1. Unpartnered cysteines of the chain (Cβ-Cβ under 4.7 Å counts as a partner)?
2. Quick check: from the Cα gyration tensor, does the range 186-238 come out rounded (a/c under 1.5), prolate or oblate?
3. Which FRET efficiency value, to the nearest 0.05, is calculated for Thr76 and His2 with the Förster distance at 35 angstrom and r the Cβ-Cβ distance?
4. Mind checking the dipole of the chain: about its Cα centre, +1 per Lys or Arg Cβ, -1 per Asp or Glu Cβ, Debye to the nearest 20?
5. What ranking of His2, His230 emerges when the number of other C-beta atoms within 10 Å of each C-beta is taken as an exposure proxy, fewest first?
6. Place a +1 charge on the Cβ of each Lys and Arg in the range 210-292 and a -1 charge on the Cβ of each Asp and Glu, then give the dipole magnitude about the Cα centre in debye, rounded to the nearest 20.
7. Arg48 label point, 7 Å along Cα→Cβ, cut-off 18 Å on backbone N: hits in the range 81-103?
8. If the only charges are +1 at each Lys and Arg Cβ and -1 at each Asp and Glu Cβ, what is the size of the charge dipole of the range 65-188 around the Cα centre, to the nearest 20 debye?
Amino acid sequence: MHTTGRLAPSPTGAQHVGNARTYLVAWLSARPRGGTVRLRIEDIDSPRVKAGAAEQAADDLRWLGLDWDGDPVVQTERLPLYASALDELKRRELVYPCTCTRADVAAAASAPHADHEGPTYPGTCAGRTSADADRLAAEGRPFAWRFRVTDSPPFTDRFAGEQRLDQRELGGDFVVWKSAGTPAYQLAVVVDDAAMGVTEVVRGDDLVPSTPRQLLLYRALGLTPPAFAHVPLVVGEDGRRLAKRHGDTRLAALRAAGVRPEALVGLLAWSCGWRPTPEPVAARELLPAFRLEAIPPRPFVLTAELLRGIGFT
Ligand code: GLU
Ligand code: ZN
């Protein structure tokens, strides 16, 4: 079967070393055997989108030596597509209008959820039907659309193996359309991956909890899901996910400091178990060495010493 992978940067900020590692894995996974790679700019999260960040992300990818086929797909240009998917879900009563605020959901939840996913939605508005939206709109009450979760599809992750997260406990009914009138990530990503013919999704394992939601949407919309591979993230020396507190690891900063892309790619290739030492290498030279299974099943700790080793001080 022909493989189509994708690179899906969010232009909400600059791309950093952690993003680079995931893109490298996604690109290497799709490219052998003549696979296709698409680029999608996930810019529907509008309040957080930074001007120029989409171009910057494309430049960062090119700098890394990664390429893609066809024109980039830009989510803000595809709103009608997401709206028609929502209409389909409404018609089939698979979603309902929810007027709860974040504070309502938090107050009604029995226990706050451990991770960043937030509390489980208690189903306060689940008694509504999609027709109730007209009345709410007439009253001027803002509402989001939530998907009715009846079960939680297990899936076999190509990297992480069998996954059995229960969406009924892990978030419950989830938002597919925000009260601001824009699609939520979960809906947009499913509509896009299906429309773009994506057959494999390779992304950071922080998105494992999103996958059961996306599988529910594939099923509800009668679409075929891709294969999923969730790979460990890059963390700082404190074990926390790479962020500003770890100093500047933006690719733009590395570039400005004169770091060669091959030096970074070499470091990442070594971190993924494809090379015995972090010697410089071009992304395309890694194609024969690529093995998803070689990647260690734990986060990669990016130390100041490793950054110094690639000439970033
Ligand atoms: N745009 C998301 C990110 O940059 C990736 C979403 C996905 O791969 O499904 O984190
Ligand atoms: Zn509600």
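What follows is calculated from the coordinates using simple rules that are stated; it is not laboratory data. Everything numeric here is computed off the predicted structure, so don't read it as measured data. Note that we place each Cβ from the backbone using ideal geometry, even for glycine, and neighbour counts take in every protein chain shown.
1. Cys100, Cys272
2. prolate
3. Details: r = 28 Å, r/R0 = 0.81.
Once the sixth-power term is evaluated, E becomes 0.80.
4. Dipole about the Cα centre, nearest 20: 100 debye.
5. On the way: His2 9, His230 22.
In increasing order of surrounding Cβ atoms, one gets His2, His230.
6. 320
7. Under cut-off, by backbone N: 102-103.
8. So the dipole magnitude of the range 65-188 works out to roughly 500 debye.
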